[in-house]
Structures are given as structure tokens and as C-alpha cells.
Amino acid sequence: MGEHTTTNKKKKAGLVVLLVLIVAAVAVIILNPFANLKKLNPLAKDGTETAEKVAIAVKVQPVLRADLQNYILGNGNVIDPKALDVYPEVVGKLTYLNAKVGDKVEKGVLLAKIDPSRAGVVYKESEVLAPADGTVLAVNYANGASVSSQGPLVRIGMLQALEVEMDIAERYVGSVVLGTEAMATFKAFPDRAFLGKVVRLSPVLNPTSRTLEIGIQLEDPDHLVKSGMFPTITILTEKLEGVLVVSRNSVLYEGNQPYVYIVGKSGLSERKNIKVGLVVDDKAEVLDGLKEKDQVIVQGQTLLTEGTSVRIVK
């Protein structure tokens, strides 16, 4: 009797579980709680696994025509190319010196006297005269010093046509010729630029530094530039007019192949292989691969591949 009762209870429990499962299945069919999963999943589309393209925010600049001016930047020293070093004719003691830096002297004026006497032998003093009219630029000895004919006593400058002396690297030698234009700026005159031209080219390179010495003559009608000044020099070399130009930062490289991305049809990125010409500061000349007014992506391009959906922002 007891066993029969237990069996009935198990049957009733089984029926209850079965009924619960049936009710749950009906609820799933009617209510369909998975119907909105597609809406919650931004990558699903029309029930397929195709991902919607996420638009990448980018900035663009149109390809324009512009002038490019290449240049060489460096420093120089203002010198007097016609300056004269005055040497004594004898070895001896400097007994008289009549020259200070900045003094104006005339040709034939007495600058110094040298006593060539030695122990037991007395000689007449040797006079040193100014060889030309000019201004004393340097005095290299003081009274009482021992001098020789190997060292200049003073340096006299004409100060009529000053030059900027500058060294340029070997790789620039082919870009600079007599007459090449230049521009000089000085800390003493921060708001003024002095125009000039290359008037002198050394026939040989310095074998140690592999540089070429050049001379630049500046336009200075007010005589503001002084010998010994240290200007910043910009030598204007190659100039191109009306060439296609893009931002240098927009150019990417795959090996040796430069390329850019532009905004193409339907707001998708398009890769364009290009040929780059002259590069000056933040601009690059485009010889091939683009046309005027193409919208080149200048920011965000590193995140792109061919066909990426893009969104242009200001």
C-alpha cells in the first residue's frame, strides 16, 4: 500500500514538471524575448553577421596649387673681406703702440715701434706704419710684448662692403651659385630682414668639416651691420610656382611607396599612391597620383584602410 502511494506521488510530481516546461515553451513562443537582441547588437544587420561600418572622424584639406621656396638655414659671421693684417718686419719687443680697436687711421700713420735689440747688440727701432686708410678692427699685442713677423700686430678694415661668411654642407653645394639670394636677421634688429646675394664661393671644400665657405653681401644702406656680428642666414635656393601641394603629415609610407587617403564616393576612404617631389617644412609637392581639390585626409589617416567609412569634422 505504501509503495503504491509513493509511486502516485512521483507520477504527480512528474506531471507538474512537464506542465511547467510546456507553459515555459508556450511563453517563449508567444513573448519571444530574443526579438530585440538584434536592436541591442550594433554589429548585426538584417539578421546576418555583416558588421555595420563605424565612421571614423577625420579632418581633410583640399589639394591646392601653391609656390614652394626651398632654403638653407644657418649662421654666419660678418667680416670685412678687404681687411688687412699688419705685420712687423722684425722680431723684438713692442715698445710703442698707437692703435685701439675702433680707431680710424690714415695710410702712413705710425702704429707701433719694435726694438729688435738683443743682449750686447743694440739696433734702431723698427716702425710699423698703416698700409691704408681704415678702421682698427683688432689689436693683438700689448706694449712690452715680444713680437715676430709671423703674428699680425693689428687688423685694419675698410668697412665699405661687409660680407657675411658662412659654411654650407657638401650636400647643398649644387644648390648655391654666385647671385643666389639670401636673407639675414640679427638679434640687434629683430624686426628687420637684410636682403643679400652670394658674391663669393670657395674653390675647395674644407676637408675636415666637408663644408664650403661662401660670402654673402647684404643690402645695408643705413650701415647698421657691424663687423663681428653673428646673423642667422636663410639662403633661398630652388623655387617652384603653382605646383600641387599637400600637407606633409598626410603622407604615409608603405616601404618606399608614399600614399595618402582621400574622401571618395559615399564618404568612404580611398588610398592613393603618389609621387612626392620637393618637400619644404610642412608641405610636400605631389608629382603624380592626385588632382586639384581632392579632399586629402590630414588627421585620422593612420586609422584607415581602403573603404573605411569616414566622417569629416572641422
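One table, with the values for the structure above:
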item: Extended-chain gain in nm, criterion 0.36 nm per residue less alpha-carbon gap, N75 and L303; result: 78.0 nm
item: Local electrostatic count, V280, Cβ distance below 11 Å [Lys/Arg +1, Asp/Glu -1]; result: -2
item: Rounded accessible area of S209 (nearest 10 Å², 1.4 Å probe); result: 60
item: Loop trypsin sites (Lys or Arg not before Pro), the range 50-152, which have at most 11 other Cβ atoms in a 10 Å radius of their Cβ (DSSP); result: K100, K107, K124
item: Exceeding the 18 Å Cα-Cα cut-off - candidates K265/K293; K275/K314; K187/K283; K187/K239; result: K275/K314; K187/K283; K187/K239
item: Within straight-line cross-link reach of K107, aspartates and glutamates at Cα separation under 16 Å, skipping those fewer than 8 residues along the same chain; result: D85, E127, D133
item: Rounded to the nearest 10 Å², the accessible area of M166 at probe 1.4 Å; result: 10
item: Proximal charge balance of H223 [Cβ under 15 Å; K/R count +1, D/E count -1]; result: -2
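The values are calculated or read from the model by the stated rules, or taken from the named source; none is laboratory data. Not measured: the values here are computed from a predicted model. No Cβ is skipped: glycine too gets one built from the backbone with ideal geometry, and neighbour counts run over all protein chains shown. Areas reflect the complete protein model, heavy atoms only, side chains present, ligands, DNA and RNA absent. Shrake-Rupley method; radii C 1.70, N 1.55, O 1.52, S 1.80 Å.
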